[in-house]
Amino acid sequence: MPAELQPKPPLKIFLCSPRGFCAGVVRAIDTVERALKLYGAPVYVRHEIVHNRYVVDSLKEKGAIFVEELTEVPDTQAPVVFSAHGVPKSIPAEAERRNFFALDATCPLVTKVHREAEIHFKRGREILLIGHEGHPEVVGTMGQLPLGAVVLIETVEDADAFVPKDANNLAFVTQTTLSVDDTAEIAAHLKKRFPTIVGPYKEDICYATTNRQLAVKKVAPHVDAMIVVGSANSSNTQRLREVAEREGCKLAFLVQRAADIDWTILDGIEAIGITAGASAPEVLVEEVIEALAAHYTISIDTVNAIDEDVFFPLPRPLRPAAAE
């Protein structure tokens with residue numbers, strides 16, 4: 001029988017919910033699109049607005065110009081957007097000095113961490129930041145305060161090795177896109193060593209990161225493989241893969257698009273989970289499902305961990321009343 005007439009093997013798909021775009025990502029993308037609609041092209045964006053190549057390329061086609069530093073932006077009246085990850089204070093200061101029309105698309109939950117760090121600093125506390133070195137969000141958070149005011153803690157070993165100036169005058173904040181379990185472990189070590197350390201009043205890890213990891217935890221033990229749709233430079237996406245592996249899924253891997261799937265490693269699987277990082281659009285999840293349907297006779301179950309209804313308004317200059 002020709003290969004194209006062979007019956008396709010059955011495959012059960014468990015679709016994690018929630019997955020994909022969070023409110024902060026929607027707000028950031030809408031900021032660029034609204035600016036393009038109101039002011040026309042170009043709109044300059046410092047750093048990838050969110051960590052997803054499909055999203056970035058789509059906005060480029062509409063007239064967005066992405067730069068890594070403001071030095072790459074010419075003197076212009078065009079809008080200049082700061083990405084969802086947040087920026088050091090030096091960036092808005094430079095934009096003001098150059099009279100740019102700046103639009104801050106920083107996720108409000110990242111801004112919350114910035115404000116927490118500033119409050120701790122004003123109260124004279126030494127601040128620890130649990131996060132990943134070099135991530136734009138970490139660079140932005142550390143850049144809210146003078147050099148040396150924030151100490152980065154990446155691992156339990158870092159937490160154990162840290163030597164404070166005053167063990168009774170400490171505080172910690174966290175990156176918003178970390179592994180919930182890893183962060184809890186590091187925080188527990190800090191609290192054990194320094195019982196008076198002040199932590200976040202409300203969890204710094206954002207609701208979307210937490211909820212997407214929760215959905216993966218429900219699915220991972222019951223599937224042979226887990227596809228995580230998203231970009232390799234997306235922190236919350238990488239954490240989803242790690243959570244799947246930790247929860248017992250033997251094969252968990254990232255794909256940016258369906259074309260990235262290595263079909264040889266899926267040989268013999270009967271059940272697969274699919275999730276997507278907070279910066280991955282649903283169209284890419286649908287693309288992956290269509291690709292699986294071409295190779296298997298699929299059935300789909302959606303596994304819902306929690307309902308989300310979070311909404312963040314656009315930056316004030318882009319809201320309808322202000323724009324008019």
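The values are calculated or read from the model by the stated rules, or taken from the named source; none is laboratory data. Fair warning: this is a prediction, and the values are worked out from it, not measured in the lab. No Cβ is skipped: glycine too gets one built from the backbone with ideal geometry, and neighbour counts run over all protein chains shown.
What single numbered condition from (1) within 26 Å of the chain's Cα centre (by Cα); (2) on the phi < 0 side of the Ramachandran plot fails to hold for Leu170?
So the condition that Leu170 fails would be (1).
Quick one: which strands (runs of 3 or more DSSP E) sit completely within region 213-324 and have at least 1 residues that are over 29 Å from Gln175 (Cα atoms), acidic (Asp, Glu) and touching a strand residue (DSSP E or B) at 6+ places or on another chain (Cβ under 8 Å)?
Values: elements: 225-229, 252-255, 271-276, 297-304.
So the answer is 297-304.
Can you tell me which residues in region 131-184 are touching a helix residue (DSSP H, G or I) at 6+ places or on another chain (Cβ under 6 Å), under 22 Å from Glu68 (Cα atoms) and among the small types (Gly, Ala, Ser)?
Answer for region 131-184, where residues must be touching a helix residue (DSSP H, G or I) at 6+ places or on another chain (Cβ under 6 Å), under 22 Å from Glu68 (Cα atoms) and among the small types (Gly, Ala, Ser): just Gly131.
Look at Thr31 and say whether it is of a type in the set (Val, Ile, Thr) and surrounded by fewer than 17 Cβ atoms within 10 Å (Cβ to Cβ).
Values: of a type in the set (Val, Ile, Thr): yes; surrounded by fewer than 17 Cβ atoms within 10 Å (Cβ to Cβ): no.
When the stated conditions are applied, Thr31 does not pass them.
For region 155-195, which residues satisfy the criterion of being out of contact with any strand residue (DSSP E or B) (no Cβ under 7 Å at 6 or more places or on another chain), surrounded by fewer than 20 Cβ atoms within 10 Å (Cβ to Cβ) and either assigned to a strand (DSSP E or B) or among the polar types (S, T, N, Q) (or both)?
Thr155, Asn168
For region 288-297, how many residues meet the condition of being among the aromatic types (Phe, Trp, Tyr) and either surrounded by fewer than 18 Cβ atoms within 10 Å (Cβ to Cβ) or assigned by TED's automatic domain parsing to the domain that holds His85 (or both)? Please lay out each step first, then the result.
Just the residues of region 288-297 that are among the aromatic types (Phe, Trp, Tyr), to begin with: 296.
Now narrow it down to the ones that are either surrounded by fewer than 18 Cβ atoms within 10 Å (Cβ to Cβ) or assigned by TED's automatic domain parsing to the domain that holds His85 (or both): none.
Result for region 288-297: 0.
Does region 223-265 hold any residues that are under 22 Å from Ala84 (Cβ atoms) and either surrounded by fewer than 16 Cβ atoms within 10 Å (Cβ to Cβ) or of a type in the set (Asp, Glu) (or both), and which are they?
Across region 223-265, the qualifying residues are Ala232, Asn233, Glu242, Arg257.
Val285 is checked against (1) in contact (Cβ under 8 Å) with a residue 60 or more places away in the chain; (2) within 17 Å of Leu11 (Cβ to Cβ); (3) surrounded by 24 or more Cβ atoms within 10 Å (Cβ to Cβ); (4) under 20 Å from the mean Cα position of the chain (by Cα) and fails just one. What number does that condition carry?
So the condition that Val285 fails would be (3).
Going through region 277-304 one residue at a time, which ones are within 21 Å of Cys107 (Cβ to Cβ) and small (Gly, Ala, Ser)? So that I can check it myself, show each step before the final result.
Applying the first criterion (within 21 Å of Cys107 (Cβ to Cβ)) to region 277-304 yields 277-282, 284.
Result: Gly277, Ala278, Ser279, Ala280.
In region 171-180, is there at least one residue being over 29 Å from Ala232 (Cβ atoms) and either in contact with a His (Cβ under 9 Å, 6 or more places away or on another chain) or of a type in the set (Lys, Arg) (or both)?
From region 171-180, those over 29 Å from Ala232 (Cβ atoms) are 171; that's our starting set.
Subsequent filtering for residues that are either in contact with a His (Cβ under 9 Å, 6 or more places away or on another chain) or of a type in the set (Lys, Arg) (or both) retains 171.
Among the residues of region 171-180, at least one is over 29 Å from Ala232 (Cβ atoms) and either in contact with a His (Cβ under 9 Å, 6 or more places away or on another chain) or of a type in the set (Lys, Arg) (or both), which makes the answer yes.
Can you find, within region 1-43, the residue that is farthest from Ser279 (Cα to Cα) among those that are assigned to a strand (DSSP E or B) and touching a Phe, Trp or Tyr at 6+ places or on another chain (Cβ under 8 Å)?
Pro10
Name the helices (runs of 4 or more DSSP H) wholly within region 54-154 that hold at least 2 residues that are surrounded by fewer than 15 Cβ atoms within 10 Å (Cβ to Cβ)?
Of the helices (runs of 4 or more DSSP H) lying wholly inside region 54-154, those with at least 2 residues that are surrounded by fewer than 15 Cβ atoms within 10 Å (Cβ to Cβ) span 90-97, 108-122.
Given the criterion among the acidic types (Asp, Glu) and touching a residue at least 24 places away in the same chain (Cβ under 8 Å), identify the matching residue among Glu116, Glu157, Glu133.
Numbers: Glu157 fails: touching a residue at least 24 places away in the same chain (Cβ under 8 Å); Glu133 fails: touching a residue at least 24 places away in the same chain (Cβ under 8 Å).
Answer to the selection: Glu116.
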